[in-house]
Amino acid sequence: MASGLEAVFLENRTALLRFLRARGAGDRAEDVLQDMWVKLSARDVGPVADPLPYLYRAANNLMLDQYRSSTRREKREQDWVDGGTGQIVEQSMDAPADEQMISAQRLGEAEAVLRDLGPRVETVFRRFRLDGVGQKQIAIDLGVSLTTVEKDLQKAYRALIALKQRFDAE
């Protein structure tokens, strides 16, 4: 039998889901609620004077954290795509042969840069950027923390941005 904060959580689960959906969680509301409960149950919260407002506040804070994280990630990705210029870099398949050779050479250099960062960083980058696997799933699959995955992606992004700047200077 559930008691305390858990009982209030279980009694108000549907309302909390509606709250999260209204705050923009959409289809992820179940996952956000589960993450919230896992985080709360892992901590020794002790007695809470007003448990329902506490749960709503925790849900709102988690949504804000996820929004900020998502916004930062999207900005990093966009900066990589456009090289910080605000313009999307496009390459035509009809490019002259010399441009295709240069592109192939640069791709090889980028692959070498990723390889030099180590197998885990390379794997994290490839799974996230090329395979479209979420950071959380990568962390689970590799048995590392989400923070480790984020730091590995940052290493890869920094190295590739430095390489791109070198290309631009050529």
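The values are calculated or read from the model by the stated rules, or taken from the named source; none is laboratory data. Values in this document were obtained by computation on a predicted structure and should not be read as measured data. We place every Cβ from the backbone using ideal geometry, glycine too, and count neighbours over all the protein chains shown. Surface accessibility is based on the protein's heavy atoms, side chains included, excluding ligands, DNA and RNA. Shrake-Rupley method; radii C 1.70, N 1.55, O 1.52, S 1.80 Å.
Tally up the residues in region 39-71 that are assigned to a helix (DSSP H, G or I) and open to solvent by 90 Å² or more (accessible area, probe 1.4 Å), please.
Counting residues in region 39-71 that are assigned to a helix (DSSP H, G or I) and open to solvent by 90 Å² or more (accessible area, probe 1.4 Å) gives 4.
Looking at region 135-164, which of the residues that are in contact with a Gly (Cβ under 9 Å, 6 or more places away or on another chain) and touching a residue at least 60 places away in the same chain (Cβ under 8 Å) is nearest to VAL124 (Cα to Cα)?
ILE161
When you scan region 31-38, do you find a residue that is in contact with a helix residue (DSSP H, G or I) (Cβ under 7 Å, 6 or more places away or on another chain) and part of a loop (DSSP other than H, G, I, E, B), even just one?
Checking region 31-38: not a single residue is in contact with a helix residue (DSSP H, G or I) (Cβ under 7 Å, 6 or more places away or on another chain) and part of a loop (DSSP other than H, G, I, E, B).
Looking at the structure I just gave you, is ARG127 over 19 Å from ASP79 (Cβ atoms), modelled with pLDDT under 90, assigned to a helix (DSSP H, G or I) and touching a helix residue (DSSP H, G or I) at 6+ places or on another chain (Cβ under 9 Å)?
yes
Table: residues versus (1) surrounded by fewer than 16 Cβ atoms within 10 Å (Cβ to Cβ); (2) in contact with a helix residue (DSSP H, G or I) (Cβ under 6 Å, 6 or more places away or on another chain); (3) at pLDDT 90 or above.
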residue	(1), (2), (3)
GLU111	yes, no, no
GLY132	yes, no, no
LYS151	yes, no, yes
LYS164	no, no, no
